[in-house]
Amino acid sequence: MSTTEPLDGRAETLAEPWDDLEVRPLRAQGPRVVTAIVPKGSIAGSSLTAVAAIMTFLAALTAGAVMMVIGAASDWRSDVGREVTIQVRPVAGRDLDADVRKAVEIARAAPGITDVRAFTKEESARLVQPWLGSGLNLDELPIPRMIVVKLWSGPPPDFAALGKTLSEQVPGASLDDHRRWIDRMRDMAGAAAAAGLAILALVLAVTVLSVTFATRGAMATNRPIIEVLHYVGATDGFVASQFQRHFLILGFKGGAIGGGAAIILFGVLQAMNAWLTGTAGGDEFEALFGSISIGMSGYLAILGLIVLMALVTAWASRYTVRRTLDSID
């Protein structure tokens, strides 16, 4: 609105064109929607979750199997290491029973020995029945007699001195301290652990490659958004953190699915093993493969694999984003 002064001195008010307009406050046209740089429900994200679940499941199975092998080998070494055997072979012109009694006396006199038990002729014959059969007459065969020597829990006795005494006083007697078998079981456990670590490394490598391809695909799809963010001043670290958060969630989700499936599987196997304990099949299976139980440490290891899968996925995504942005700049 403006004023003019006429000739007679009175002010006259003139109307402006916008005086009839009513000023109204601006109203929001709808709820504000915040969209992420990387869509959450994309097909690539679902595929990556499935890959992470499969990789975590395979890694958990490998870890559980390795722990069971190491546990069984440790039990075998413990059982074998608590005893040694003396073998008394028949010698022409000597009384085998007298040689066995002499070997038993020598073993009982050695320090570090808690119990000595000599197998009878019938028990020694039954030891070779699985290979020779039960229908043969074993009386004329030179079947050696076995003596089982139990050791105490302290330091082992001097096996070299005991073996030398036996060979000098009892011809045909020999001492087996099972060291060769213990070393073989230790090597087997070490080989199983190395194979498990190699498989875990392959699983992580496949996961990193999958995340790399998925991240590059997501960046290519959302390239206009990334360019706008760069235009308004967003740093590479900000963009990388958005991808990192997205793939961290995907990796943790996939790892939880795969690790949870592995935990359920081991729980079911352990329950079946407990149910079959005491049966003929269950005892034979346990004697051959050991107890199907990974223990609390095994379940904690699977939980650690879930966290590791999420961290590897987030790291691979962030590394790929930074490398790609550096190449674009």
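The values are calculated or read from the model by the stated rules, or taken from the named source; none is laboratory data. This is a predicted model, so every value here is computed, not measured. Please note: Cβ atoms are built from the backbone with ideal geometry, for glycine as well, and neighbour counts cover all protein chains shown.
Go through A201, A205, A220, A234 for me and flag whichever is more than 30 Å from E83 (Cα to Cα), free of Cβ contacts under 8 Å to residues at least 24 places away in the same chain, not in a helix (DSSP H, G or I) and not assigned by TED's automatic domain parsing to the domain that holds D95.
Every option except A234 fails the conditions.
Determine which single condition T215 fails, assuming it passes every other condition in (1) under 28 Å from M296 (Cα atoms); (2) surrounded by 16 or more Cβ atoms within 10 Å (Cβ to Cβ); (3) β-branched (V, I, T).
Status for T215: all satisfied but (1).
Can you spot a residue in the range 171-189 that is aliphatic (A, V, I, L, M) and outside any helix (DSSP H, G or I)?
yes
Residues checked against (1) crowded, with 17+ Cβ neighbours inside 10 Å; (2) assigned to a helix (DSSP H, G or I); (3) modelled with pLDDT under 85; (4) small (G, A, S):
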| site | (1), (2), (3), (4) |
| --- | --- |
| F247 | yes, yes, yes, no |
| G255 | yes, yes, no, yes |
| G259 | yes, yes, no, yes |
| A271 | no, yes, yes, yes |
| G282 | no, yes, yes, yes |
| E286 | no, yes, yes, no |
| S291 | no, no, yes, yes |
| I302 | yes, yes, no, no |
| I306 | yes, yes, no, no |
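If only one of V66, V104, V149, V100 is within 25 Å of M188 (Cα to Cα), aliphatic (A, V, I, L, M), touching a residue at least 40 places away in the same chain (Cβ under 8 Å) and surrounded by 14 or more Cβ atoms within 10 Å (Cβ to Cβ), which one is it?
The conditions single out V66.
Please return the ranges of strands (runs of 3 or more DSSP E) entirely within the range 1-103 where 1 or more residues are at pLDDT 75 or above.
Those strands (runs of 3 or more DSSP E) span 83-88.
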